[in-house]
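Here is the structure we will look at, set down as structure tokens.
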Amino acid sequence: QVQLLESGGGLVQAGGSLRLSCAASGGSFRRLNMGWFRQAPNKEREFVAVSTWTSGTTYYQNSVKGRFAMSRDNAENTLYLQMNDLKPEDTAVYYCAAGSSAFVTEYRNYEYWGQGTQVTVSS
């Protein structure tokens, strides 16, 4: 029922910034866990930033703490990921996800996914 669509990826030099957006449709995601995951070539998908609907607690991947920030728009139908001080190791396909499991940092527990948006950071 819930559909997700990411946008905002692109090519940026190290130290630059990008803002990713995730538009939700087909129903409200207010009572679903929401977050961002990424997958680099030949690597397993990992969480970047996720938030629980019960408490609103946000968890960040250690490598992005202090650089990335997740937020929602006023209508609570769009999820954002502000990425600052980007590094080459941030290069990956970034995915928006939604789910109902309590294990919010594990990608296998999410049932709704966007198609992904490519982020490439050059040296």
Working only within the stretch 81-103, note down all residues that are out of contact with any Asp or Glu (no Cβ under 6 Å at 6 or more places or on another chain) and surrounded by 17 or more Cβ atoms within 10 Å (Cβ to Cβ).
-> LEU81, MET83, LEU86, ASP90, THR91, ALA92, VAL93, TYR94, TYR95, ALA97, ALA98
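Hand me the list of strands (runs of 3 or more DSSP E) wholly inside the stretch 59-123 holding 2 or more residues that are over 15 Å from ALA49 (Cβ atoms) and β-branched (Val, Ile, Thr). Reasoning before the result, please.
Working: elements: 68-72, 78-83, 92-99, 117-122.
Correct list: 117-122.
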Hey, THR52 hits all of (1) hydroxyl-bearing (Ser, Thr, Tyr); (2) under 15 Å from GLY99 (Cα atoms); (3) open to solvent by 40 Å² or more (accessible area, probe 1.4 Å) but one; which does it fall short on?
-> (3)
Is it the case that the stretch 104-111 has a residue that's in contact (Cβ under 8 Å) with a residue 12 or more places away in the chain, touching an Asp or Glu at 6+ places or on another chain (Cβ under 7 Å) and under 18 Å from VAL2 (Cα atoms)?
-> no
Boolean, GLY66 is free of Cβ contacts under 8 Å to residues at least 12 places away in the same chain and either out of contact with any Pro (no Cβ under 8 Å at 6 or more places or on another chain) or under 16 Å from GLN118 (Cβ atoms) (or both) = yes
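Which of the residues spanning the stretch 61-75 are surrounded by fewer than 20 Cβ atoms within 10 Å (Cβ to Cβ) and either touching a strand residue (DSSP E or B) at 6+ places or on another chain (Cβ under 9 Å) or of a type in the set (Ser, Thr, Tyr) (or both)? Break it down stepwise before answering.
First, the residues of the stretch 61-75 that are surrounded by fewer than 20 Cβ atoms within 10 Å (Cβ to Cβ): 61-63, 65-67, 69, 71-75.
GLN61, SER63, GLY66, ARG67, ALA69, SER71, ARG72, ASP73 - these are the residues of the stretch 61-75 that are surrounded by fewer than 20 Cβ atoms within 10 Å (Cβ to Cβ) and either touching a strand residue (DSSP E or B) at 6+ places or on another chain (Cβ under 9 Å) or of a type in the set (Ser, Thr, Tyr) (or both).
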Residue by residue through the stretch 103-123, note down the ones that are farther than 24 Å from MET83 by Cβ and in contact with a helix residue (DSSP H, G or I) (Cβ under 8 Å, 6 or more places away or on another chain).
-> PHE103
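The values are calculated or read from the model by the stated rules, or taken from the named source; none is laboratory data. On a predicted model such as this, the values are computed, not experimentally measured, just so you know. Methodologically, a virtual Cβ is constructed for each residue, glycine included, from the backbone with ideal geometry; neighbour enumeration extends over all protein chains shown. Areas reflect the complete protein model, heavy atoms only, side chains present, ligands, DNA and RNA absent. Shrake-Rupley method; radii C 1.70, N 1.55, O 1.52, S 1.80 Å.
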